[in-house]
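Comments concern the structure below.
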Amino acid sequence: MVIFDNLPLYLEAFLQTLALLLLTIVLALPLGAVIAAMRISPIGSLRATATVYTEILRNTPLVLVFIFCFVVLPILGVILPFMFSAVLALTLYTAPFFAEAIRSGINGVPVGQAEAARSIGMTFGQTVTLVVLPQAIRSVIPPIINVMIALTKNTSIAGGFFIFELFNSGRRLVNENGDQVILVLVGVAAFYLLITIPLGQLADFLERRVVIRR
Amino acid sequence: MKLRKILIGTAAAAVAVALTACGAPGSATSGGSTSTSAAGAGPYDLAVAESPTFEAGTTMAKLAEAGTMKIGTKFDQPLFGLRGLDGKPVGFDAAIGSLVASKLGIPFDKIEWTETVSANREPFLQSGQVDAVIATYTINDKRKQVVDFAGPYFVAGQSILVLEGNTEITKPEDLAGKAVCSVEGSTPASNIVEKYGAVLQPTDVYSKCLDPLKNGQVVAMTTDNVILSGFVDQNPGVFKLVGDTFTQEPYGIGLTKDDTAMRTFVNETLQAAYDDGTWARLFEQTAGTVIPVPTPPTIDQY
Amino acid sequence: MDAPGTPLVVLDHVNKHYGDLHVLNDINLTIAKGEVVVVIGPSGSGKSTLCRAINRLETIDDGTISIDGQPLPSEGAALAKLRANVGMVFQSFNLFAHKTILQNVTLGPIAVSKKSKAEADGRAMELLERVGVANQAKKMPAQLSGGQQQRVAIARALAMQPSVMLFDEPTSALDPEMINEVLDVMVGLAKEGMTMIVVTHEMGFARRAADRVVFMADGRIVEDTTPAEFFDHPKSERAKDFLSKILTH
């Protein structure tokens, strides 16, 4: 069967997709947290910068962000390795989604918690990291995982930009196996599910573990 | 769940196609169409056969009766199938589609064009969503197991495009271990990886390869010579083709499996166009603006 | 240590608007070291805003507020440092919901004052002992009664060793039977010489523990006098009217 015959190729592509996903999460999640913090910060210029960034990136098609990183940056003289550019594009695009997920969780924490933290002399950073974020975590986990699942699928855009990821393995195998097109695509879908289903379960697990007794 | 439904649906469609195909075995003789020669001046206004007659029950008879047919082609392939602003594709594939349709009494504007890419050519033919696929579609044995091919109507060959000043790359063997750009899911892309050990930098349309090639992020791009020629032509003094073609890519017309009557009809149509010069004229007016007109290939009557 | 009587908190021509509402109208107020000042007034009089402005949980439009001779910094580390010196107790307790009682009290000393955990724990247990909830140290805030939570909140503020304590209606959210346990702690603090600004409706506390009563109405300070004088001989009509309403019950 075509899926098992081509397991090494699928696996090679799967690992690329996984690498795109993990590298982007590692970069975009902290960036998203910073953006979320900027959006609730007491300093107006930080709030404005974060808001403009979020609105622009969140409302731009991902393909345009890729074109920016792969076409516009080289024109400006910034030529990066393909993998670097792909992770950059995915990070720039995904960070605002993480930021919004985190911000919605932060907004769910009563304002008195932050006031109490500030009143005992905590800086803004301490207030966010020691008091607000730990309480926001639980309500933030499900939307964050949703963003990750969307990101998993979004990595396929990199397939049009010189990265041999899962979607490309499907295109190659379809071309070579015109007699088993549907099976090839089932294989591709199965590998995506291999990422997204455990992510959903991780969400359930974390949600159960990080219970806050109120 | 959704996936399963699609699978079942596709299987059912495939079975239906197989059943209808069995209904017309041995009806090998093509219908005697009224003899016409291409009379229009352009590639898409060929003289249409007037009420051609075909043996009852054949695909040709059904299409002639319907007065329309569905053809799958590429919408993003310069010189062969590139969709214009009016929604109709232009190029040599579109002209060949026009040729076949005209013999069925169907004018160009009655053809329903459907975009076919590598992932849907076979499924579309198997389920009857298109009557033919004319889409720089290379004939090979695996595909022959699920669809029939008429033709070939053109033989392309894989070639290599590099920067004008490049002297290191002279043959495909020189690409081993080097970064080469091509469209994933195309036969030349697989070939350069599997036969020559290049490191493929895959993309989805050929034009995207040009910037990385100019920036030195890849040393070459590869695909069929006809496509590469188009890029050389569009960027004078920037790129050049290297060496001879090193594969044979016979482009065929994909048809429903085991519809022998239809395949014979299309083959005869092509042969007639080779013989009376129509084929050469159509090529000259489309891909011929960039590529010299070749001699017609030999039809594969398997 | 300055001697009692030195000005500690000084508000000078402080104004604040919420849109058209002039919520703080030219407030001038000086609180001396060791003084206990009770701020009373009808709802909407600006007394809570006044209290929150002193540690800049509310900004002001103009005027100056200074603490220990230092004007309030606008933001950043300097403001945080000043806030550590000004304890605050809220109407709704605002204990950190994800921390145990003990951690609620030690978080400030560890994170802000950079005390060792052992030192912070020891000091926290002393404070919890003093407010009478040491036996609850390992519990989460939600497991405590309102009165217990408010006492923990006082301990949390005291752990920063502030030079002044602000109380913003500390008993308003409590069931009646729990009010006294909180007031008792506050009276104890007052007796030890803590400088306190208390926004409250508890007239008994004002009589028992306050050095001064500040009566506010419509964003202004209407009376500023001793408890005895205020309760027995109010001068303004607003104060008389207010007292008649709350004392008839």
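The values are calculated or read from the model by the stated rules, or taken from the named source; none is laboratory data. Just so it is clear, the model here is predicted, and its values are computed rather than measured. All Cβ positions, glycine included, derive from the backbone under ideal geometry; neighbour counts span all protein chains shown. Only protein heavy atoms, including side chains, enter the accessible area calculation; ligands, DNA and RNA are left aside. Shrake-Rupley method; radii C 1.70, N 1.55, O 1.52, S 1.80 Å.
Odds and ends about this structure:
- Chain A - percent of accessible surface contributed by carbon and sulfur, probe 1.4 Å: 71
- Segment B:Ala66-B:Asp211, length gained on full extension (0.36 nm per residue, minus Cα span): 47.6 nm
- Listed by chain and number, the lysines placed with their C-alpha closer than 18 angstrom to that of A:Lys153 are B:Lys2; residues fewer than eight positions away on the same chain are left out.
- Average beta-carbon neighbours from other chains, 10 Å sphere, peptide B:131-140: 1
- Residues in chain C average 43 Å² of solvent-accessible surface per residue, probe 1.4 Å, ligands and nucleic acids excluded.
- Value of D in µm² per second that Stokes-Einstein yields for the range B:228-269, Kirkwood Rh from Cα pairs, at 25 °C (0.890 mPa s): 177
- Solvent-free Debye scattering, log10 I(q)/I(0), computed from the Cα coordinates of chain A at q = 0.12, 0.15 Å⁻¹: -0.73, -1.00
- The lysine pair count for the range B:157-247, using Cα distances under 15 Å and pairs eight or more places apart or on different chains, is 4.
- Label-point gap, in nm, between A:Leu64 and C:Arg220 - each point 7 angstrom along Cα→Cβ: 5.7
- Choice from B:Glu122, B:Glu50, B:Glu249 showing the highest fluctuation, given a GNM over chain B with Cα pairs closer than 10 Å: B:Glu50
- For the protein assembly as shown, the spherically averaged projection of the C-alpha convex hull amounts to 45.5 nm².
- Along chain C, longest interval not containing exposed trypsin sites (Lys or Arg not before Pro), exposed being DSSP loop plus at most 12 other Cβ atoms within 10 Å: C:1-113
- Gaussian network model of chain A, Cα within-10 Å springs - most flexible of A:Leu62, A:Leu166, A:Leu130: A:Leu130
- Compactness relative to 2.2 N^0.38 Å, alpha carbon Rg of chain C: 1.00
- Its relative contact order, with pairs defined as Cα atoms under 8 Å and 6+ residues apart, puts chain C at 26 percent.
- For the residue pairs C:Lys114/C:Lys139; C:Lys33/C:Lys81; B:Lys110/B:Lys142, the alpha carbons lie more than 29 Å apart in B:Lys110/B:Lys142.
- Shielding by partners - mean other protein chain Cβ count within 10 Å, residues of A:71-81: 2
- Overall, the accessible surface of chain B at a probe of 1.4 angstrom is composed of carbon and sulfur to the extent of 55 percent.
- Heavy-atom surface of chain B, accessible at 1.4 Å and reported per residue (Å²): 42
- 4 °C / 1.567 mPa s Stokes-Einstein diffusion coefficient of chain B, Kirkwood radius on C-alpha pairs, µm²/s: 64
- Environment charge of B:Leu125, counting only residues whose C-beta is closer than 9 Å and scoring Lys/Arg +1, Asp/Glu -1: -1
- Within the straight-line cut-off of under 19 Å between alpha carbons, the aspartates and glutamates reachable from C:Lys115 are C:Glu126, sequence neighbours fewer than 8 places apart in one chain being disregarded.
- Dimensions of the range B:206-258 based on its C-alpha atoms, expressed as ranges along the principal axes with the largest first, amount to 49, 22, 19 Å.
- Normalised contact order of chain A, rounded percent, pairs of Cα under 8 Å and 6 or more residues apart: 28
- Overall, the ratio between the Cα radius of gyration of the range C:131-249 and 2.2 N^0.38 Å, rounded to two decimals, is 1.18.
- Interface residues in the range A:168-183 - accessible area drops by 50 Å² or more relative to the isolated chain, probe 1.4 Å: A:Arg171, A:Arg172, A:Asn175, A:Glu176, A:Gly178, A:Asp179, A:Ile182
- Net charge contributed by nearby residues that have their C-beta within less than 14 Å of B:Gly243 (K/R +1, D/E -1): -2
- Per residue, in Å², the accessible surface of chain A once ligands and nucleic acids are set aside, probe 1.4 Å: 43
- Diffusion of the range C:73-164 by Stokes-Einstein, at 25 °C in a medium of 0.890 mPa s and with Rh set to the Kirkwood radius over alpha-carbon pairs, works out to 186 µm²/s.
- Dimensionless Rg over Rh [the range B:157-247; C-alpha; Kirkwood]: 0.90
- Expressed to the nearest 5 percent, the antiparallel share of DSSP beta bridges inside the range C:7-245 is 55 percent.
- Under 19 Å from B:Lys70, Cα to Cα: aspartates and glutamates that are on another chain or at least 8 residues apart: B:Asp45, B:Asp86, B:Asp93, B:Asp109, B:Glu112, B:Glu115, B:Glu122, B:Asp131, B:Asp148, B:Asp258, B:Asp259
- Kirkwood Rh in Å, taken over the range A:96-204 so that all alpha-carbon pairs contribute: 16.8
- Accessible area buried at the A-C interface, both sides summed, 1.4 Å probe (Å², nearest 100): 2000
- Qualifying GluC sites (Glu not before Pro) in the range C:188-249, where qualification requires a DSSP coil assignment and no more than 15 other C-beta atoms within 10 Å, comprise C:Glu192.
- Choice from C:Ala53, C:Ala157, C:Ala118 with maximal GNM fluctuation in chain C (Cα, 10 Å cutoff): C:Ala118
- Other protein chain C-beta atoms within 10 Å of residue C-beta, averaged over C:86-99: 5.
- Summing both sides, the accessible surface hidden between B and A at a 1.4 Å probe radius is close to 2400 Å².
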